[in-house]
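Data first, discussion second: the structure below is written as C-alpha cells.
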Amino acid sequence: MSLLLSKDKHHFLCHHHKNYSVIPACRESSARKKDSGQAGMTNQTHLSSGDRLINKQGFTLIEVLVSVAILSVVLAAIYSTFFLAQRAVEGMDESLVKLQEARRALDILRCELDSSFFREADANTLLQIKDRDSYGKSSSELTFTTFSVLQPGLSKVSYYIEEHDGSLNLFKKIEAPRTQEKAEGTEIIENLDAFSIEAKYHDQWVKTWDTDLNKNTPEEIRISLAFRLKDRTVTLSDIAKPRIDKPI
C-alpha cells in the first residue's frame, strides 16, 4: 500500500492492488481537531471539579477559633479606650460646671455687695458678717441690704451655709426689709469646702462685722469659695467695694 499526494494538495491517493482511492484531507484534520477538543474539555472538567472541591472545604475549626479570639481582643481594646475617654470627658464636664457655678455665684455676690446700702438713720438697713464653723470648715453668714435686680426697691439678702449629709451647701435668701414676711432660701452651690466673708478694717481682714456697732460699711469685703475638683481643692476669691454713699 502506498500514499501519493495529488497535485492540488487536497487529496491523498491510496494505492492498493493497483486501485486508487481518494481520501479527503479535511476529514482527517477535523477528526484530529475533534479529538483535541474533547481532550481539552476533559481537562477543563477535571480542573473545575477540583476547584469546586477546594472551595467546598472552607475554614477549619481552629482557624475560626483563632479569628474569634483575635477579634475579641481587638474589640476589648477598642471598648476600654472608648469608656476611658468617655469617663474623662464626663469628669471634665462636671468640673467645668462646678467651676462655672462658683464663678457665677461669686460675681453676683460681689455686684450685690458693691450696691449694698446702709444709713445709720434707717433701721431697716444693715450689713452683718458672722463667723461660723461647720466640721472645722469656715461657714460665714452674710446679711445686708442692697438694690437687687431680682425685685424693685431695696432688698434684704442673706447668704448662709446648711449642712446636708456631711456636705456644705450655700443658700441664698431675698426678703423685703420693711415687711415681716419670711422667704425660703434657694440653694446656690453644693458640696463646698469653705465659704468665707472678711471685712477690711484698719488694713486688716476681720471675720465679723456689724453696722449697728461699726456704724458704717467696710471699705472692702473679701469673698472666698473653696470646693474640690477631682482630687484637689480650688479656691476662688474676689473683693467687693461698697460704693453707695462712698467717695469715688
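The values are calculated or read from the model by the stated rules, or taken from the named source; none is laboratory data. Just so it is clear, the structure is predicted and the values come from calculations on it, not from any experiment. Virtual Cβ from ideal backbone geometry, glycine too; neighbours counted across all protein chains shown.
Has region 103-113 got at least one residue that is closer than 24 Å to Ser224 by Cα, within 25 Å of the chain's Cα centre (by Cα), assigned by TED's automatic domain parsing to the domain that holds Ile223 and among the basic types (Lys, Arg)?
There is at least one residue in region 103-113 that is closer than 24 Å to Ser224 by Cα, within 25 Å of the chain's Cα centre (by Cα), assigned by TED's automatic domain parsing to the domain that holds Ile223 and among the basic types (Lys, Arg).
Which of the residues spanning region 152-193 are at positive phi and surrounded by 13 or more Cβ atoms within 10 Å (Cβ to Cβ)?
Asn191 - this is the single residue of region 152-193 that is at positive phi and surrounded by 13 or more Cβ atoms within 10 Å (Cβ to Cβ).
Pick from Trp205, Trp209: which is surrounded by fewer than 15 Cβ atoms within 10 Å (Cβ to Cβ) and either modelled with pLDDT of 95 or more or among the aromatic types (Phe, Trp, Tyr) (or both)?
Residue meeting the stated conditions: Trp205.
Scan region 229-248 for residues that are farther than 22 Å from Asp107 by Cβ and in contact (Cβ under 8 Å) with a residue 40 or more places away in the chain and jot them down.
Matches in region 229-248: Lys230, Asp245.
One residue is enough: does region 127-147 have a residue meeting the conditions touching a residue at least 12 places away in the same chain (Cβ under 8 Å), out of contact with any Pro (no Cβ under 9 Å at 6 or more places or on another chain) and part of a helix (DSSP H, G or I)?
No, that holds for no residue.
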